[in-house]
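These notes concern the structure reproduced below.
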Amino acid sequence: MKSTIALVLLLLTTTTVMGEYAKTKFYKAGFQQTPKVVIDTSTDKLFDGALANTLFYSAGDSADTLYAWKINWDIPSNSSTSIIKRTLDASTFKAKSNDITLNLKIKSKMGLIGQPAPGYIGFPAIRDSGKGTADQLYFSILPATATKATELNEVMVASNRDTTTGMYVNSVWFTDNYYWIMYTQFDMKKGYEKALYLQAIKTDGTLMYNAPIKVASLNNPPGTTIPIAGPNKDSNPTMIYVVYKDSNSKATVQTTVKISNGYVDEPTKLVSDSETQMYFPDGMISASKVFGVVLNRQQMVRKQFSEDLRVYYNGATSKPSILDLDVPKGYQNPIIQSFPHPGGFVILGQLTGEKDALIVIKIFNANGTEKVAQKTIANTQGAMLFFRDAAGTVWLGYNDFDMKDGKVAKGYLGKLISA
């Protein structure tokens, strides 16, 4: 789905001891080029102290360049103190030039997680103006070619005057030179989720719409909306699809936003929960020849539990298809990430087990049939980031970190599949 990150896994526990590292086993059959070490914090002093969620990777505006980034973060001030950039040759993973320290101070009450896109990095941030002031939502964009003299393109996405109203970011993706951001507005006293909003930010920092588009009004208990969103095509889309749960009707609903004018269509029901079945939004499929909404169906009949993934293709609201992914015993149905592929789409799935996560890949034709059989990428307790480069190749960035304090020992890059 889209041209940005896929899924980030961070399975830190609080019962491990210092020096016990996240365990990961890679499987060569799932890669075109198995992961190699690109960062070793024992020798790369600029990257020493990096945390699993502050060391990340991205692609350049050409397919021959990748980047490793480290956010130096100051907890008391809720701000970055600097950002380190290393430019890498995409074939050899060797540094192509000297490392650069960018003296960028980006404040955020939610921490700072980089959102990679070909040639750019985006940073959503929530901050206030001081004690007793309301939260505001910002988005900063940095070109991957940034030098010490480069300034951020930063814009306020949402202006908020109500100190009892908060916001959190649901998803960020990149399409056709725009970062899209979907966020939830919620009541800070009771936690109830009150509305979904959508906005797009061009790489020069200009907003697509004069004000965020209100996609849905809600009255959902905390954490029950589970919204997902994505474009109807991976390039030159005309619509953004938004899918979420409505607690009042116990239904999973779908609505669309027309990109050209921000018009929001009336929501339509995909499916309702029952006493024996529940449905949860899982992910979007967005490619040149196919679009799909993926729901996780969970069923309990005669004390027997089962689950599967159901896909509503191309805007349909009836007769979903099964997304055929094998789920080994001991693992739950996957959270999926999708990328375009010639003639179809790629699915990356995170299947969570009791002690680790299983990561799988499978390629489908546009009609949902199998094109390339499912393969296992890894068993992991770690943090995994998937992203596309300018040529459409899908990469994996992975960090080996201490399970107690999250500090990275080594960082890896691997090539999954070419376009």
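The values are calculated or read from the model by the stated rules, or taken from the named source; none is laboratory data. All figures in this text were calculated on a predicted structure; none of them were measured in a lab. With ideal geometry, Cβ positions are generated from the backbone for all residues, glycine too; neighbour counts draw on all protein chains shown.
Among the residues in segment 116-127, are any buried (at least 18 other Cβ atoms within 10 Å of the Cβ) and either of a type in the set (F, W, Y) or farther than 20 Å from V172 by Cβ (or both)? Yes, because at least one residue in segment 116-127 is buried (at least 18 other Cβ atoms within 10 Å of the Cβ) and either of a type in the set (F, W, Y) or farther than 20 Å from V172 by Cβ (or both). Would it be correct to say that G382 is out of contact with any Pro (no Cβ under 8 Å at 6 or more places or on another chain), at pLDDT below 95 and under 18 Å from G30 (Cβ atoms)? Yes; evaluated as a whole, the condition is true for this residue.
Just to be sure before I move on: is F139 surrounded by 21 or more Cβ atoms within 10 Å (Cβ to Cβ), touching a Gly at 6+ places or on another chain (Cβ under 7 Å) and more than 19 Å from L385 (Cα to Cα) in the structure I sent? Against the criterion (surrounded by 21 or more Cβ atoms within 10 Å (Cβ to Cβ), touching a Gly at 6+ places or on another chain (Cβ under 7 Å) and more than 19 Å from L385 (Cα to Cα)), F139 qualifies. Exactly one residue out of M239, M156 is hydrophobic (A, V, I, L, M, F, W, C), touching a strand residue (DSSP E or B) at 6+ places or on another chain (Cβ under 6 Å) and more than 27 Å from I285 (Cα to Cα): that is M156. Taken over segment 42-82, residues that are in contact with a Ser or Thr (Cβ under 8 Å, 6 or more places away or on another chain) and within 20 Å of F174 (Cβ to Cβ) amount to 10.
Scanning segment 364-416 for residues that are touching a Leu at 6+ places or on another chain (Cβ under 9 Å), farther than 17 Å from I335 by Cβ and among the polar types (S, T, N, Q) returns T393, N399.
Could you please let me know if I285 is under 18 Å from the mean Cα position of the chain (by Cα) and farther than 30 Å from K407 by Cα? For I285, the condition - under 18 Å from the mean Cα position of the chain (by Cα) and farther than 30 Å from K407 by Cα - is met. Among the residues of segment 396-419, which ones are over 16 Å from K94 (Cα atoms) and touching an Asp or Glu at 6+ places or on another chain (Cβ under 8 Å)? Hits for segment 396-419 are D402, M403, K404, V408, A409. Answer with yes or no whether I322 is within 22 Å of V372 (Cα to Cα), of a type in the set (A, V, I, L, M, F, W, C), touching a residue at least 24 places away in the same chain (Cβ under 8 Å) and in contact with a strand residue (DSSP E or B) (Cβ under 8 Å, 6 or more places away or on another chain). When the stated conditions are applied, I322 does not pass them. Of everything in segment 337-377 that is without any contact (Cβ under 8 Å) to a residue 12 or more places away in the chain and part of a strand (DSSP E or B), the residue that is surrounded by the fewest Cβ atoms within 10 Å (Cβ to Cβ) is A373.
Take the residues of segment 394-419 that are at pLDDT below 95 and among the β-branched types (V, I, T): which is nearest to the chain's Cα centre (by Cα)? Selected residue: I417.
Would it be correct to say that N170 is in contact with a strand residue (DSSP E or B) (Cβ under 9 Å, 6 or more places away or on another chain) and part of a loop (DSSP other than H, G, I, E, B)? No: the conditions fail for N170. When segment 263-283 is limited to residues that are over 25 Å from K303 (Cβ atoms) and among the aliphatic types (A, V, I, L, M), the one that is surrounded by the most Cβ atoms within 10 Å (Cβ to Cβ) turns out to be L270. When restricted to residues that are over 26 Å from L416 (Cβ atoms), of a type outside the set (S, T, Y) and more than 25 Å from the chain's Cα centre (by Cα), segment 70-98 contains 2. With respect to (1) surrounded by fewer than 23 Cβ atoms within 10 Å (Cβ to Cβ); (2) in contact with a strand residue (DSSP E or B) (Cβ under 7 Å, 6 or more places away or on another chain), the lone exception for V408 is condition (1).
For segment 191-213, which residues satisfy the criterion of being assigned to a loop (DSSP other than H, G, I, E, B) and surrounded by 18 or more Cβ atoms within 10 Å (Cβ to Cβ)?
Residue satisfying the conditions is P212 alone.
Scanning segment 30-74 for residues that are within 21 Å of G119 (Cα to Cα) and small (G, A, S) turns up S58, A59, G60, S62, A63, A68. Restricting attention to segment 65-110 and to residues that are small (G, A, S) and part of a strand (DSSP E or B), the residue that is surrounded by the fewest Cβ atoms within 10 Å (Cβ to Cβ) turns out to be A95.
Tell me, which strands (runs of 3 or more DSSP E) lie completely within segment 114-157 with 1 or more residues that are in contact with a Lys or Arg (Cβ under 8 Å, 6 or more places away or on another chain) and not aliphatic (A, V, I, L, M)?
Passing ranges, in order: 120-127, 136-143.
Kindly provide the set of residues from segment 177-190 that are surrounded by fewer than 15 Cβ atoms within 10 Å (Cβ to Cβ) and either at pLDDT 95 or above or more than 15 Å from G223 (Cβ to Cβ) (or both), ordered by number. If the condition is that a residue be surrounded by fewer than 15 Cβ atoms within 10 Å (Cβ to Cβ) and either at pLDDT 95 or above or more than 15 Å from G223 (Cβ to Cβ) (or both), then N177, K189 are the ones that fit. Residues in segment 217-255 that are surrounded by fewer than 20 Cβ atoms within 10 Å (Cβ to Cβ), among the hydroxyl-bearing types (S, T, Y) and either assigned to a loop (DSSP other than H, G, I, E, B) or touching a His at 6+ places or on another chain (Cβ under 8 Å) (or both): T224, S235, T238, S247, S249. Filtering segment 270-324 to residues that are farther than 18 Å from V253 by Cα and assigned to a loop (DSSP other than H, G, I, E, B) leaves E275, T276, A287, S288, K289, V290, R302, K303, L323, D324.
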